[in-house]
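Since every read-out is calculated from the coordinates, none of them should be taken as a lab result. Quick caveat: nothing in here was measured; it's all calculated off a predicted structure. For neighbour counting, all protein chains shown are included, and Cβ atoms are generated from backbone atoms with ideal geometry for every residue, glycine included.
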Amino acid sequence: IVGGSFMPIESNPWVAAIYHNKFLCGGSLISPSWVLTAAHCFLDGDQTRLKDLSVVLGKTHIKEKDPDREQRFTVEKLIIHQKYNSSNYNNDIALLKISSPKGQGAFRTASVRTVCLPPLHTQLPVGITCSIAGFGKEAFGSAFYSNRLKQADVTLLASSACKRDSSYESLLTDNMICAASPDWSTDACKGDSGGPLVCETAGRMFLFGVVSWGDGCASENKPGVYTKVTNYNNWIAKKTGLYEYTKG
Ligand code: 4AZ
């Protein structure tokens, strides 16, 4: 995250840290056993060895163990969207089924809890301020990821405005949403991928986006691009059995 501020995990307790031996990506806990993340985090799907993946919840400091607050998991299943396109990041969404050494899912604490998915047919609340969180780089040119969890505010942009002003144009599909800060001071960056964009509507917080891509980080007129979670209600339901869905 460029800009924003350091926050304890208790402020974003659905944030997951995904490791493939070393830190790989962010994710969001959507149920005790499922983490939603980005497809592009994984090497061509089948080449990512499940045994090398792990997920840690409840983490504020990426390199320090925090046994009282963190919960560690192995990965039982990696489901990459069947229409994920690695050349344009269309359908950049994936699910991890997690399991503790005792074969259980996450348990709710002050530092670990699920985030809500937007209900079916939720309109995108364009223009509102949403929040992103992650352990990614604090500047585009930085050699390192952040050692601590950061959070920042970004505004959701209408896709027409995003296309027009960013020159992303044909790079943006209907499965993507843009968000940026009005003064271009805050943004997601490398290492934040897979992590949450949460927005409050109707008095509740929902997961509207998954950090996906962007031209640089916090560059003027280059918004961050997020996978549009509302397009995947049916896919998530079908793969996880988490909620009822209309056919598709
Ligand atoms: C990346 O490389 C990346 N500014 C993620 C998000 C953004 C840019 C790059 C958005 O993972």
(message) Within a 10 angstrom radius of the beta carbon, how do Glu169, Glu76 rank from fewest other beta carbons to most?
(response) Glu169, Glu76
(request) Any cysteines in the chain with zero other Cys Cβ atoms under 4.7 Å from their Cβ? List them, or say none. (result) Cys116
(request) Within the range 199-225, which residues have the backbone N less than 17 Å from the label spot 7 Å out from Val126 along Cα→beta-carbon, could you tell me? (result) 209, 223-225
(request) May I ask you to work out the translational diffusion coefficient for the chain at 25 °C, viscosity 0.890 mPa s, via Stokes-Einstein with Rh from the Kirkwood sum over Cα pairs, reported in whole µm²/s? (result) 139 µm²/s
(request) Taking DSSP loops as anything outside H, G, I, E and B, show the longest stretch in the chain free of trypsin sites (Lys or Arg not before Pro) there with at most 12 other beta carbons within 10 Å. (result) 109-246
(request) Would you order Asp153, Asp92 from fewest to most other beta-carbon atoms within 10 Å of each residue's own beta-carbon? (result) Asp153, Asp92
(message) Could you check the spin-label model distance between Ser142 and Asp52? Points 7 Å from the Cα along Cα→Cβ, value in nm.
(response) 2.5 nm
(request) Quick one: how many lysine pairs does the range 73-232 have with C-alpha atoms less than 15 Å apart and a gap of 8 or more or different chains? Give me the count, please. (result) 7
(request) Please give, to one decimal in nm, the separation of the simple spin-label points placed at Ser167 and Leu242, each 7 Å out from Cα toward the Cβ. (result) 3.8 nm
(request) Give the residue from Pro67, Pro101, Phe206 lying farthest towards the positive end of the charge dipole for the chain; charges sit on Cβ (+1 for Lys and Arg, -1 for Asp and Glu) and the dipole is referred to the Cα centre. (result) Pro101
(request) Report, in deg cm²/dmol and to the nearest 500, the calculated mean residue ellipticity at 222 nm for the chain, where each DSSP H run with n ≥ 4 adds -39500 (n - 2.57) and the sum is divided by the residue count. (result) -1500 deg cm²/dmol
(request) Grab the Cα-Cα distance for Gln82 and Glu220, subtract it from 0.36 nm times how many residues apart they are, and report the gain in nm with one decimal. (result) 46.3 nm
(message) Can you sort Asp52, Asp187 from fewest to most other Cβ atoms within 10 Å of each residue's own Cβ?
(response) Asp52, Asp187
(request) In whole Å, largest first, what are the principal axis extents of the Cα atoms in the range 1-106? (result) 39, 38, 24
(message) If I take R0 = 22 Å and measure r between the Cβ atoms of Trp184 and Phe6 in this structure, what FRET efficiency does the formula 1/(1 + (r/R0)^6) give, to the nearest 0.05?
(response) 0.60
(message) Taking the Cα centre as origin and putting +1 on Lys and Arg beta-carbons and -1 on Asp and Glu beta-carbons, what dipole magnitude results for the chain, to the nearest 20 debye?
(response) 800 debye
(message) Above 18 Å lies some portion of the pair distances; for the range 103-158, what is it as a whole percent of all C-alpha pairs?
(response) 60 percent
(message) Can you find, among Ser181, Leu197, Gly224, the residue sitting farthest towards the positive end of the charge dipole of the range 172-230, where Lys and Arg contribute +1 and Asp and Glu -1 at Cβ?
(response) Leu197
